[in-house]
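Undergrad: I'd like to ask you about the structure that follows.
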Amino acid sequence: MQIEGLRVFCDLAESRSFTSAARINQITQSAVSQQISSLERHFGTLLVERSKKMFRLTKEGQLLYDHSKEIINTFETLTSRMQSLQNVVSGNIRVSTIYSIGLHTLPPFLKKFLKKFPTVNVHVEYSYADKILEDVLGNVVDLGLVAYPGKDNKLNIIPLMEESLVLICEPCHPLAKRGQIKLADIAGENLVGFHIDIPTRRGIDRVLREKKIAVNPVMEFDNIETVKRAVEIGTGVAIVPEVTIMSEVKLGSLASVKFSDVQLARPVAVVHKKSKALSPALENFLSVMTGE
């Protein structure tokens, strides 16, 4: 029995999914099943009750999970301290992020980190806010990058920045010719927006309700790139993070207009599980992200 087998078992117990446990450990679902079967043969007892409708640890499985977590945490702490003593920063970092942050906010930080620590492998995947938080808590990923992070007692939420929101429209749109506009100026406009499940959309809707500004929603999309393409072809206007449209404004395919009467911005944060032992690689990645 090796620590890798205990790690796979703990990941399965926390994610409650053979698929997720396989993805976390970069192995096949069949390999996860084999690891669990090997542990069950070793201890001579059933550890997981398997069915299509239910996943549950047996009493023996829960006991193994509790002690395995202690073993793994001790091993990860030992590894981190050994690397610190040797001034070694290596390993893997798994980051999950929403599209707009991953495509436009993260790259400068990632470039700076990899230039300083080229032996660290950073894997970035794109997901939705709720799924990112779920994956962080389930140890599927190490860190999450989200907007409007909210609160969770099981998570460390580290604020990073406030990203300004601006109006985008076609360059020939009447609003494009004005240096600044008031929020009321978009009343009645066709609005291309994010899907209602996306926190940035909910933040924008909240401001529009508070200011009693009525717009005409025409399309909803789940990522920033599709929103921009819809605005470029004249479907309507949109309110998006300014950092996401700099290249289009430079090329002249979109116009960007700031609001003069409201401070529209979305908070961006990095999150990780409170109980997670941070490796030197993770600690340095967080330092680069926070500018410390």
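The values are calculated or read from the model by the stated rules, or taken from the named source; none is laboratory data. Quantities reported herein were computed from a predicted structural model and do not represent experimental measurements. Backbone-built Cβ (ideal geometry, glycine too); neighbour counts: all protein chains shown.
Undergrad: For the range 117-137, indicate whether the set of residues that are buried (at least 19 other Cβ atoms within 10 Å of the Cβ), within 14 Å of residue 268 (Cα to Cα) and of a type in the set (D, E, K, R) is non-empty.
TA: Looking through the range 117-137, none of the residues is buried (at least 19 other Cβ atoms within 10 Å of the Cβ), within 14 Å of residue 268 (Cα to Cα) and of a type in the set (D, E, K, R).
Undergrad: Let me ask something else. Looking at 186, 198, which is the one that is buried (at least 19 other Cβ atoms within 10 Å of the Cβ), closer than 22 Å to residue 244 by Cβ, of a type outside the set (Gly, Ala, Ser) and at pLDDT below 95?
TA: That would be 198, the only listed residue that is buried (at least 19 other Cβ atoms within 10 Å of the Cβ), closer than 22 Å to residue 244 by Cβ, of a type outside the set (Gly, Ala, Ser) and at pLDDT below 95.
Undergrad: Using the structure shown, decide if residue 275 is surrounded by fewer than 18 Cβ atoms within 10 Å (Cβ to Cβ), farther than 19 Å from residue 193 by Cβ and touching a residue at least 12 places away in the same chain (Cβ under 8 Å).
TA: yes
A quick yes/no check of all residues on (1) under 28 Å from the mean Cα position of the chain (by Cα); (2) over 21 Å from residue 134 (Cα atoms):
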residue	(1), (2)
2	no, yes
6	yes, yes
26	yes, no
51	no, yes
58	no, yes
64	no, yes
67	no, yes
70	yes, yes
83	yes, yes
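Undergrad: Residues that are in a helix (DSSP H, G or I) and either closer than 17 Å to residue 281 by Cα or at pLDDT below 85 (or both): does the range 49-69 have at least one? Reasoning before the result, please.
TA: Going residue by residue through the range 49-69, those that are in a helix (DSSP H, G or I) are 59-69.
Now narrow it down to the ones that are either closer than 17 Å to residue 281 by Cα or at pLDDT below 85 (or both): 69.
Yes, there is a match, as at least one residue in the range 49-69 is in a helix (DSSP H, G or I) and either closer than 17 Å to residue 281 by Cα or at pLDDT below 85 (or both).
Undergrad: Restricting to the range 1-29, give me the number of residues that are within 21 Å of residue 63 (Cβ to Cβ), part of a helix (DSSP H, G or I) and aliphatic (A, V, I, L, M).
TA: 6
Undergrad: Continuing with this model, one more query. Restricting to the range 221-263, count the residues that are surrounded by fewer than 20 Cβ atoms within 10 Å (Cβ to Cβ) and either touching a Ser or Thr at 6+ places or on another chain (Cβ under 7 Å) or of a type in the set (Ser, Thr, Tyr) (or both).
TA: 10
Here is a yes/no grid of residues against (1) within 18 Å of residue 258 (Cα to Cα); (2) of a type in the set (Lys, Arg):
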site: 164; (1), (2): yes, no
site: 185; (1), (2): yes, no
site: 201; (1), (2): yes, yes
site: 209; (1), (2): no, yes
site: 215; (1), (2): yes, no
site: 226; (1), (2): no, no
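Undergrad: Residue 12 passes all but one of (1) modelled with pLDDT of 85 or more; (2) within 23 Å of residue 123 (Cβ to Cβ); (3) in contact with a Lys or Arg (Cβ under 7 Å, 6 or more places away or on another chain); which number fails?
TA: Of everything listed in (1) modelled with pLDDT of 85 or more; (2) within 23 Å of residue 123 (Cβ to Cβ); (3) in contact with a Lys or Arg (Cβ under 7 Å, 6 or more places away or on another chain), residue 12 misses just condition (3).
Undergrad: Can you name every one of the strands (runs of 3 or more DSSP E) wholly within the range 99-180 that holds 3 or more residues which are without any contact (Cβ under 8 Å) to a residue 40 or more places away in the chain?
TA: Hits in the range 99-180: 120-126.
Undergrad: Pairs only if they're at least six apart or on different chains, beta carbon under 6 angstrom, first in the range 202-217 and closer than 23 Å to residue 235 by Cα, second part of a loop (DSSP other than H, G, I, E, B) and of a type outside the set (A, V, I, L, M, F, W, C); list them, first residue then second.
TA: 203/148; 215/189
Undergrad: Next question, about the same structure. Starting from residues that are assigned to a loop (DSSP other than H, G, I, E, B) and among the charged types (D, E, K, R), keep the ones in the range 236-292 and report whichever is farthest from the chain's Cα centre (by Cα).
TA: 261
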